[in-house]
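**Student:** My questions all concern the structure below.
Quick note: the coordinates plus some simple rules give every number you see, no bench work behind them. For clarity, every value in this text was computed on a predicted model and none was experimentally measured. When we count neighbours, we look across all protein chains shown, and the Cβ atoms used for this are built from the backbone with ideal geometry, even at glycine.
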Amino acid sequence: NVTELTKFMGGSAVIGSPRTAFEFIEIIRQGLPAKVIESIVKSSAMSEETIFTSLRMAKRTAARRKANAERLKAAESELIFRFSRVLVSATEILGDRDKARDWLLSENRALKGERPIDLLDTGIGFDNVIKVLQRIDTGVYS
């Protein structure tokens, strides 16, 4: 999963070469490079608008960081990491990126009718989305 997550986020050229999920902690604390935004937009086949709106990230701030080749703040990096981790996990569990994207953008009864993507802006929401994916993976209807 770490290898797929690294690829999704732009590979070693963009985020470095973490070998374990634990190594992402320091990368997030330092702030992901703004180039990661282009990578996740391309990898997810979603628009920046959709991603930033659902994660409640300021589009103008992200645009400024990209234009100036700055690093994202730790909190912004955490949101990007959550989004990436969920989409990579959903792709593995559901079989392909299109199904994962559709699942992420669809209302889900197991999540009180919310779209999974709209819950990734909080730790509690992220945990609930991951739990639903784990239930799907083990064959529990969700």
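**Student:** Distances over 19 Å make up what percent of all Cα-Cα pairs in the chain?
**Tutor:** Working: 4777 of 10011 pairs.
In whole percent, the share of Cα-Cα pairs in the chain beyond 19 Å is 48.
**Student:** Okay, next question. Length gain on complete extension for the stretch residue 53 to residue 107, per 0.36 nm per residue less the alpha carbon to alpha carbon distance? Before the final figure, lay out the partial values.
**Tutor:** On the way: separation 54, 0.36 × 54 = 19.44 nm, distance 1.61 nm.
Using 0.36 nm per residue and subtracting the Cα-Cα distance, I get 17.8 nm.
**Student:** Using the alpha-carbon atoms, what tilt in degrees (0 to 90, nearest 10) does helix 74-94 show relative to the longest principal axis of the chain?
**Tutor:** Between the helix axis and the principal axis of the chain, the angle is about 40 degrees.
**Student:** If you don't mind, another one. Past the 29 Å Cα-Cα mark, which pairs from 42/131; 66/131; 7/99; 7/131; 66/112?
**Tutor:** Working: 42/131 26 Å; 66/131 33 Å; 7/99 19 Å; 7/131 23 Å; 66/112 35 Å.
In this structure, 66/131; 66/112 lie more than 29 Å apart at Cα.
**Student:** GNM on the chain, C-alpha springs below 10 Å: top fluctuator among 11, 113, 31?
**Tutor:** Evaluated over the chain, the most mobile residue of the options is 113.
**Student:** Around residue 29, with a cut-off of 14 angstrom between Cβ atoms, what is the net charge of the other residues, counting Lys and Arg +1 and Asp and Glu -1? Numbers along the way, then the final one.
**Tutor:** On the way: positive: 71, 73; negative: 23, 26, 76, 78.
Every neighbour counted, the sum reads -2.
**Student:** Taking the chain as a Gaussian network, Cα atoms linked when under 10 Å apart, which of 129, 86, 14 shows the biggest mean-square fluctuation?
**Tutor:** For the chain, modelled as a Gaussian network with Cα springs under 10 Å, the answer is 14.
**Student:** Go ahead and set up a Gaussian network model of the chain, Cα springs under 10 Å, then flag whichever of 74, 63, 90 fluctuates most.
**Tutor:** Taking springs between Cα atoms under 10 Å, the residue moving most is 63.
**Student:** Rounded to the nearest 500, what is the 222 nm mean residue ellipticity of the chain from helices alone, with -39500 (n - 2.57) per DSSP H run of 4+ residues and division by all residues? Display every interim value, and only then the final one.
**Tutor:** Details: 9 runs with 90 residues, N = 142.
That calculation yields -18500 deg cm²/dmol at 222 nm.
**Student:** Hey, another quick one. Using a cut-off of 14 Å between beta-carbons, work out the net charge of the residues near residue 63 (Lys and Arg +1, Asp and Glu -1, residue 63 not included).
**Tutor:** Working: positive: 35, 59, 60, 64, 65, 66; negative: 38, 48, 49, 70, 76.
My count for the surroundings of residue 63 gives +1.
**Student:** Let me ask something additional. Describe numerically, in nm with one decimal, the distance between label points set 7 Å from Cα along Cα→Cβ at residue 19 and at residue 131.
**Tutor:** 3.4
**Student:** Out of residues 5 or more away from residue 114 or on other chains, whose amide H comes under 5 Å of its own, with H placed 1.01 Å from N in the peptide plane?
**Tutor:** For residue 114, the qualifying residues are 108.
**Student:** Give me the net charge for the shell around residue 130: Cβ to Cβ below 11 angstrom, other residues only, Lys and Arg +1, Asp and Glu -1.
**Tutor:** Numbers: positive: 82, 85, 131, 135; negative: 127, 137.
The answer is +2.
**Student:** Compute the long axis of helix 35-44 from its Cα atoms, compare it with the longest principal axis of the Cα atoms of the chain, and write down the angle in degrees, 0 to 90, nearest 10.
**Tutor:** Helix 35-44 sits roughly 30 degrees off the main axis of the chain.
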